[in-house]
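The structure under discussion appears below in the form of structure tokens.
The values are calculated or read from the model by the stated rules, or taken from the named source; none is laboratory data. Bear in mind that the values here come from a model prediction, so they are computed numbers and not experimental data. Positions of Cβ are generated from backbone atoms using ideal geometry, with glycine treated the same way; all protein chains shown enter the neighbour counts. All accessible areas refer to the heavy atoms of the entire protein, side chains included, with ligands and DNA or RNA removed. Shrake-Rupley method; radii C 1.70, N 1.55, O 1.52, S 1.80 Å.
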Amino acid sequence: MKTTISLSTPAELETESLVVIALNQADPAQTEKNKNKDAKPQLKLATSDPAVPSVTADLLSSGEVTGRPFETNLLHKPAGLKAKRLLVISGGPAKKFTSYDLRRVAGTAVRTLKSRGIRSFAFIAPPGIPAEEAVRAIVEGALVGNFDPDYYRSDRKDQKIDALTILTTGDKSALEKVANEAQVIGDSQNFTRDLVNEPSNRMTPTILADRAKKMCEEVGLKCEVFGADKIKEMKMGAFWSVAQGSDEPPALIVMKYEPSGAPEKPVLGLVGKGITFDTGGISIKPADGMEKMKYDMAGGATMIGAMRAIALLKPKVKVIGIVCATENMPSGKAQKPGDVQIAMSGKSIEIINTDAEGRLVLADGLFYARQLGCTHLVDAATLTGAVVVALGYANAGVFANDDAIYERFHKANAEAGEKMWRLPLDDEYKENIKSTIADMVNSGGRWGGAINAAMFLQEFAEDTPWIHLDIAGTAWMEDQKPWIAKGPSGIALRSLVEFVKSYAS
Ligand code: BES
Ligand code: MN
Ligand code: ZN
């Protein structure tokens, strides 16, 4: 998708479709207080060009438009405009409208128009949001909307928007720079979604490593891939305990971004869970829904996509990306409940449940990152069903062993427009992962399951400032939404890139 910044008057622009947001000026608090949810919306278009509202006056006063978020109305041959069509998208209450909503409206515009065979359009940036923030949100949101997962359908239409014009005001070259950066981030998010979308027979650890290598070559990153022999030689007993059960060879993917002029420290480590299929192992999962476990490599794919974006955006800070990729299979070679494994750090682990495999591969991934000199760590993983019980599908779980790194991440997260919620790491939970035979067990039971998993990882991050993202509930959209297809979401990539950038300034 090509993006152009235009300072033209919307009415004067020739385009397949102009897109404008309608915001409800009625005070949402008042509407709710009066229990008058059917109160007539006071809709106003978010544009400063008076020619556009005059076209929609009849539509907006007709009573047919509710103003609810993502409602769309398409007018053809709008009088007085040079555009062939005018798409009006409701954005909800004006008072609550932020760039978070703007991303979704932009995605909705893309999905509405591309399904009609339209390839290009112009989006009016709402004047209520600072121009740079708006441009970023529109480009990123549009790219998210442009992705569809139906790769293997014979009737795949592969409809895409090819060209987006953003109508705004301000410093054109500064806004173009913002748009280019947003394009890199949005493309990288879709790159990640492509990896996550592939089924496990087409996305083995070897294929994932090959895709990472190819990407690294394209953007100029160092990339090394280690196999079973090296994993065993490095004494990654936790990682290997999962990999030993599969006929597919594991891959330890190490990507390095070392820009000239970057200080020696910090070195940021991005560690991803790359389970290309999670059967549960000997503690096998029920058949129902098991097909979804192809997305258990989403954390790893997020790190590969984030490294792509970082390499292209070139912040002056060192970053190492590590993905521990393997299948989790039951077999005659698979580990069994009760087995004791020694992690790379030397700590011993009693395997209670072979389905708690993500924390095993990450234990060695995190420790290895520290050995490579990482001073700050972030991991991302579809780690627990329990985080979905705690936070549902709306928020990813965030854990941190240090308040300063959490604050920095939280800020990056808000700027990236992703929803995440912090969960605690209190010492009380340590009880849950105590073992009688070893240093710890790999499963602390059902209660507080997402926290128990994070407590386990903390044993390997130790005192290195560390963020853990549990994206089990957010890496896959269970349903399609107006702004995004059903399937891989690409969650966390934008926050990670923003977080990395924060160390460069
Ligand atoms: N990959 C799963 C977690 C998961 C669940 C991801 C649902 C996406 C959607 C993970 O490896 C797992 O199986 N976790 C177990 C841990 C338990 C055995 C302690 C779980 O959550 O049930
Ligand atoms: Mn599992
Ligand atoms: Zn898993």
Can you tell which of I282, I320 is surrounded by fewer than 24 Cβ atoms within 10 Å (Cβ to Cβ), β-branched (V, I, T) and touching a strand residue (DSSP E or B) at 6+ places or on another chain (Cβ under 8 Å)? I320
By residue number, the members of region 370-394 that are farther than 30 Å from P266 by Cα, open to solvent by 40 Å² or more (accessible area, probe 1.4 Å) and not in a helix (DSSP H, G or I) are G385, Y393, A394
Reported set for region 231-257 where residues are crowded, with 18+ Cβ neighbours inside 10 Å, more than 15 Å from ligand 3 (Cβ to nearest atom) and of a type in the set (A, V, I, L, M, F, W, C) is I231, M236, W240, A251, L252, I253, V254, M255
Got at least one residue in region 268-279 being more than 16 Å from ligand 3 (Cβ to nearest atom) and among the hydrophobic types (A, V, I, L, M, F, W, C)? yes
Can N413 be described as in contact (Cβ under 8 Å) with a residue 60 or more places away in the chain and either assigned to a loop (DSSP other than H, G, I, E, B) or surrounded by 18 or more Cβ atoms within 10 Å (Cβ to Cβ) (or both)? yes
Among the candidates A343, A386, A369, A311, residue that is among the hydrophobic types (A, V, I, L, M, F, W, C), within 16 Å of ligand 1 (Cβ to nearest atom) and modelled with pLDDT of 95 or more: A386
So, of the residues in region 194-223 that are in a helix (DSSP H, G or I) and of a type in the set (D, E), which turns out to be farthest from R153 (Cα to Cα)? E217
For G300, indicate whether it is closer than 25 Å to D187 by Cβ and in contact with a Ser or Thr (Cβ under 9 Å, 6 or more places away or on another chain). yes
Using beta carbons and a limit of 7 Å, which pairs, at least six apart or on different chains, have the first residue in region 94-106 and free of Cβ contacts under 8 Å to residues at least 40 places away in the same chain and the second one open to solvent by 40 Å² or more (accessible area, probe 1.4 Å)? D101/P69
Does G365 meet the test of being part of a helix (DSSP H, G or I) and touching a strand residue (DSSP E or B) at 6+ places or on another chain (Cβ under 8 Å)? yes
Residues (within 12 Å of ligand 1 (Cβ to nearest atom) and of a type outside the set (A, V, I, L, M)) located in region 263-287: K273, G274, T276, F277, D278, T279, G280, G281, S283, K285, P286
List the strands (runs of 3 or more DSSP E) inside region 1-112, counting only whole elements, that have at least 1 residues being open to solvent by 50 Å² or more (accessible area, probe 1.4 Å). 2-6, 43-45, 72-76
Which condition number in (1) more than 16 Å from ligand 3 (Cβ to nearest atom); (2) open to solvent by less than 50 Å² (accessible area, probe 1.4 Å); (3) under 27 Å from E350 (Cβ atoms) is the one that I310 fails? (3)
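Here's the yes/no breakdown for (1) closer than 17 Å to V219 by Cβ; (2) within 16 Å of ligand 3 (Cβ to nearest atom); (3) open to solvent by 10 Å² or more (accessible area, probe 1.4 Å):
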site	(1), (2), (3)
P259	yes, no, yes
A306	yes, no, no
P330	no, yes, yes
M344	no, no, yes
G365	no, yes, no
Have a look at G397, G445, G473, G490 and point out the one that is over 16 Å from the mean Cα position of the chain (by Cα) and either within 16 Å of ligand 1 (Cβ to nearest atom) or open to solvent by less than 10 Å² (accessible area, probe 1.4 Å) (or both). G445
For I275, are the conditions met, namely being of a type in the set (A, V, I, L, M) and in a loop (DSSP other than H, G, I, E, B)? no
Mind checking which residues of region 113-141 are assigned to a helix (DSSP H, G or I) and either small (G, A, S) or within 18 Å of G490 (Cα to Cα) (or both)? A131, A134, R136, A137, I138, V139, E140, G141
